[in-house]
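Only one structure is covered here, and it is reproduced in the block below.
The values are calculated or read from the model by the stated rules, or taken from the named source; none is laboratory data. All of these numbers come straight from a predicted model, not from anything done at the bench. Neighbour counts run over all protein chains shown; Cβ positions are idealised from the backbone, glycine included. Areas reflect the complete protein model, heavy atoms only, side chains present, ligands, DNA and RNA absent. Shrake-Rupley method; radii C 1.70, N 1.55, O 1.52, S 1.80 Å.
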Amino acid sequence: MVEELLNKLEEIREEAKPLVEKRWAEFENLRNYGSEDDLFSELSFCVLTANWSAQGGIKAQKLIGRGFSTLSQEELADKLREVGHRYPDARAQYIVTNRWIIGKLREIISIQDPREYLVKNIKGLGWKETSHFLRNVAFTNYAILDKHVLRVMNKYGLIEEIPKGWTKKKYLDYEERLRKVADAFGEHLGKFDLYLWYMIKKTVDK
């Protein structure tokens, strides 16, 4: 069954590659040259996508931009309502609460494995959302185990069930299973996720 998945990915590889490489260059640019406000905007984008959608998060990020660092909680909630977020008040509260990290993000993403620290210390970021943020600043070794990826893993026999919640142990287990497929495909987990998304959605979101 894994062979079937790899065959499907091979079918879209050349078509997806320019989009994947363009997106990855954007991630590297953010990591290398983004300001603390830019990094916090990306972290806040990942807070917003939890139980919502990447497309919605992109729309919100375009509207709010660096306002994630500066707007009041009420102003943020109003902006999130404007783009149709499911939980505007709760997410606005999370984002304002997380502002203590502005000025520290570049230092944090320079350490070898910042994921567990962020999971423990940032409101609204679980294992999936933290992996999403770190991938979006060009970390290569984390999987974003969202519902779409999990359905693919289940369909092709990589996992027996789609979990309703995450423990560290289960997330790392499922991530390692996906890493083996990524290795067989010849890409690191960061880019592999983008190819998976193209296979599923015919687009390369972030």
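For the chain, the fraction of 1.4 Å probe accessible surface lying on carbon and sulfur atoms is 47 percent. Helix 54-64 axis versus longest C-alpha principal axis of the chain: approximately 30°, rounded to the nearest ten. Maximal additional length on extending the Glu21-Lys201 stretch stands at 63.1 nm, based on 0.36 nm per residue less the C-alpha distance. Dividing the alpha-carbon radius of gyration of the stretch 53-124 by the rule-of-thumb value 2.2 N^0.38 Å gives 1.17.
Spread over its residues, the convex hull of the C-alpha atoms of the chain is 112 Å³ per residue. Exposed loop sites, defined as GluC sites (Glu not before Pro) outside DSSP H, G, I, E and B with at most 10 other Cβ atoms within 10 Å, are absent from the longest region of the chain, namely 1-159.
For the stretch 124-204, the relative contact order is 31 percent, taking Cα pairs closer than 8 Å that sit 6 or more residues apart in sequence and dividing their mean separation by the residue count. A DSSP coil position with no more than 15 other Cβ atoms inside 10 Å describes the following trypsin sites (Lys or Arg not before Pro) in the stretch 82-122: Arg86, Lys104. Computed from the Cβ-Cβ distance with R0 of 41 Å, the FRET efficiency linking Thr140 to Arg86 stands at 0.85. Between the alpha-carbon centres of the stretch 115-156 and the stretch 12-42 there is a gap of 16 Å. 3J(HN,Hα) along the stretch 27-32: 4, 5, 5, 5, 5, 7 Hz, from the Karplus curve 6.51 cos²θ - 1.76 cosθ + 1.60 with θ = phi - 60°, whole Hz, x for Gly and Pro. Relative contact order of the chain: 27 percent, from C-alpha pairs under 8 Å at least 6 residues apart in sequence.
By a 1.4 Å probe calculation restricted to protein chains, Trp197 has an accessible surface near 30 Å², given to the nearest 10. Computing FRET efficiency as 1/(1 + (r/R0)^6) for Glu28 and Asp183, where r is the C-beta to C-beta distance and R0 is 30 Å, gives about 0.90. In this simple spin-label approximation, Gln55 and Ser72 carry label points 7 Å from Cα along the Cα→Cβ vector, and these lie 3.4 nm apart.
Using the Karplus relation 6.51 cos²θ - 1.76 cosθ + 1.60 with θ = phi - 60°, the per-residue 3J(HN,Hα) values for the stretch 101-118 come to 7, 4, x, 10, 5, 4, 5, 5, 7, 8, 7, 5, 9, x, 4, 5, 4, 5 Hz, with x marking Gly and Pro. Segment Glu161..Trp100, full-extension length gain: 18.2 nm, with 0.36 nm per residue of separation and the alpha-carbon distance subtracted.
Stokes-Einstein at 25 °C, 0.890 mPa s, Kirkwood radius from Cα pairs: D for the stretch 71-174 in µm² s⁻¹?
Using the Kirkwood radius from Cα pairs, D works out to 158 µm²/s.
Between Glu107 and Gln93, the simple spin-label model (points 7 angstrom out along Cα→Cβ) gives 2.9 nm.
For the stretch 161-206, what does the alpha-carbon gyration tensor say about shape, rounded, prolate or oblate, given a ≥ b ≥ c as the root eigenvalues, a/c under 1.5 as rounded, and a/b over b/c as prolate? All intermediate terms of the calculation are to be shown ahead of the outcome.
Numbers: a/c = 2.47, a/b = 1.45, b/c = 1.71.
It comes out oblate by the Cα gyration axes.
Not counting ligands, DNA or RNA, and with a 1.4 Å probe, what is His148's accessible surface area in Å² rounded to the nearest 10? Answer for His148: close to 40 Å² accessible.
Panel note: the C-alpha atoms of the stretch 1-86, placed on their principal axes, show extents of 50, 31, 18 Å (largest first).
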